[in-house]
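Worksheet for the structure shown next.
The values are calculated or read from the model by the stated rules, or taken from the named source; none is laboratory data. The structure presented is a predicted model; accordingly, all values stated were derived computationally and were not measured. Here Cβ is always computed from backbone atoms with ideal geometry, including for glycine, and neighbour counts include all displayed protein chains. Accessible surface areas use protein heavy atoms only, side chains included; no ligands, DNA or RNA. Shrake-Rupley method; radii C 1.70, N 1.55, O 1.52, S 1.80 Å.
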Amino acid sequence: MDTFLDTQSDIVIEQLAFVAAAGAAARYDEAVGNLASSATTYHPAALRREAMAIANLEGLNPRRENLARLLGNREMTGIERDTKATADLYDALVHAGSIFSETVESSGLNTLFLLSDTSSGRLMRPDVVWSLEEDCLWLTEQLDKLAEECNPWTAAECLRQVWTSGRFIGKARRIALLISPWVLRQGFSCNFPLFGIASEIRKRTDIFREASQSKEEWAGQLAAALNEAVRFEATALRDVPATRATIAALSPWTRSSSSISKAIDFMMGCPAFSAKTFSESLGLTDRGGKDVLDRLVDANVLEIEGGLRNRLFVCRRTI
């Protein structure tokens, strides 16, 4: 009798956890939709946080500032291995967003793994290539099942199956985390990916390791973690207008104000960049871009790093 009551109690707790997570996910999804500039001012920062959390789970210790610098200039030298590997994870997360915008194919998942593994120097022997292709086909089947029965519990179980599969050349947990924002978005019927789960799992690694052996325990823990994750990300979303307003207040407001406004949005998503990248992204001539950059440097919004050939502009307020 006691066992039955304990089981019923666990079910109720799990259901309550999912109700709370669903409410938090819905509010976060609405907040993202209400921020018109979320694609440029919020999502890149969320992706960097996610990449760093996955890196931490793999025992890496990247520096946030160096990650921003490397993403701003891929030809930088003297960057430590951990940061390079984290940039690979960032690229894989960006790719995940593209493949989950349509029917997921095994080739897209294969590219996802290869992008995340770029810095490993792994020798892709024929048997390794064959194994990876088989794993991608297997994952495609799991994602097809989720599409057929789309709900939070199925999404949670999909991630658990990947997490415990031992596939992807021993990097199954990495793959589970790389696809989790979009799998959870689908499970909770959101319009935008649900970021932050990797950071929460990183805080409770041992708990999730044990919970992965039980479908019910995993689901409850994942729901609780998602609730906390989207709360944090919702706060980050609310901070975007305040950060933007602070930078705008410091920025020179002249005839080029429209360019400076675009520059602020650009810097929110890309805290470190070259003059060429800046001008091209804002659709400015080299001279026009230099004028805006000079004004932002004079206003102490930007700092200059490196020499003439490797000059990098850094906005520390958005790193």
| task | Note down the accessible area of Val104, probe 1.4 Å, to the nearest 10 Å². | result | 20
| field | Accessible surface ranking that places the most exposed of Glu280, Glu134, Glu305 first, with a 1.4 angstrom probe | value | Glu280, Glu134, Glu305
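When the solvent-accessible surface of protein heavy atoms is calculated with a 1.4 angstrom probe, in what order do Glu30, Glu58, Glu75 fall, highest first?
Glu75, Glu30, Glu58
Order the following by accessible area, largest value first: Lys171, Lys84, Lys203. Probe radius 1.4 Å; ligands, DNA and RNA are ignored.
In descending accessible area the options line up as Lys203, Lys84, Lys171.
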| note | Counting only DSSP loop positions in the stretch 203-303, the chymotrypsin sites (Phe, Trp or Tyr not before Pro) whose Cβ has at most 16 other Cβ atoms within 10 Å are Trp253
| Charge dipole (the chain, unit charges on Cβ, about Cα centre) - positive-most of Leu143, Ala223, Gly78 | Gly78
| message | I want to check the label-to-label distance for Glu58 and Ser119. Put each point 7 Å from Cα in the C-beta direction and report it in nm to one decimal. | response | 0.9
| message | Once neighbouring chains are kept in place and the probe is 1.4 Å, which whole percent of the accessible area of the chain is contributed by carbon and sulfur? | response | 50
| field | Solvent-accessible surface (1.4 angstrom probe) belonging to Ile79, in square angstrom, nearest 10 | value | 20
| Looking at Ile54, Phe100, Ser279, which one has the Cα that reaches farthest to the positive end of the dipole of the chain (charges on Cβ: Lys, Arg +1; Asp, Glu -1)? | Ser279
| query | Using a 1.4 Å probe, what is the accessible area per residue for the stretch 216-319, in Å²? | reply | 52
| task | Filter the cross-link list Lys84/Lys215; Lys84/Lys203; Lys171/Lys276; Lys145/Lys262 down to pairs whose alpha-carbon distance in this structure exceeds 31 Å. | result | Lys84/Lys215; Lys171/Lys276; Lys145/Lys262
| request: Please calculate the 1.4 Å probe accessible area of Thr243, with all protein chains present, and give it to the nearest 10 Å². | output: 40
| note | Note on the chain: the mean projected area of its alpha-carbon convex hull, in nm², is 18.1
| C-alpha center-to-center spacing [the stretch 99-173, the stretch 236-303] in angstrom | 38
| request: Have a look at Arg81, Arg48, Arg69 and tell me which one the Gaussian network model of the chain (Cα, springs below 10 Å) gives the largest fluctuation. | output: Arg81
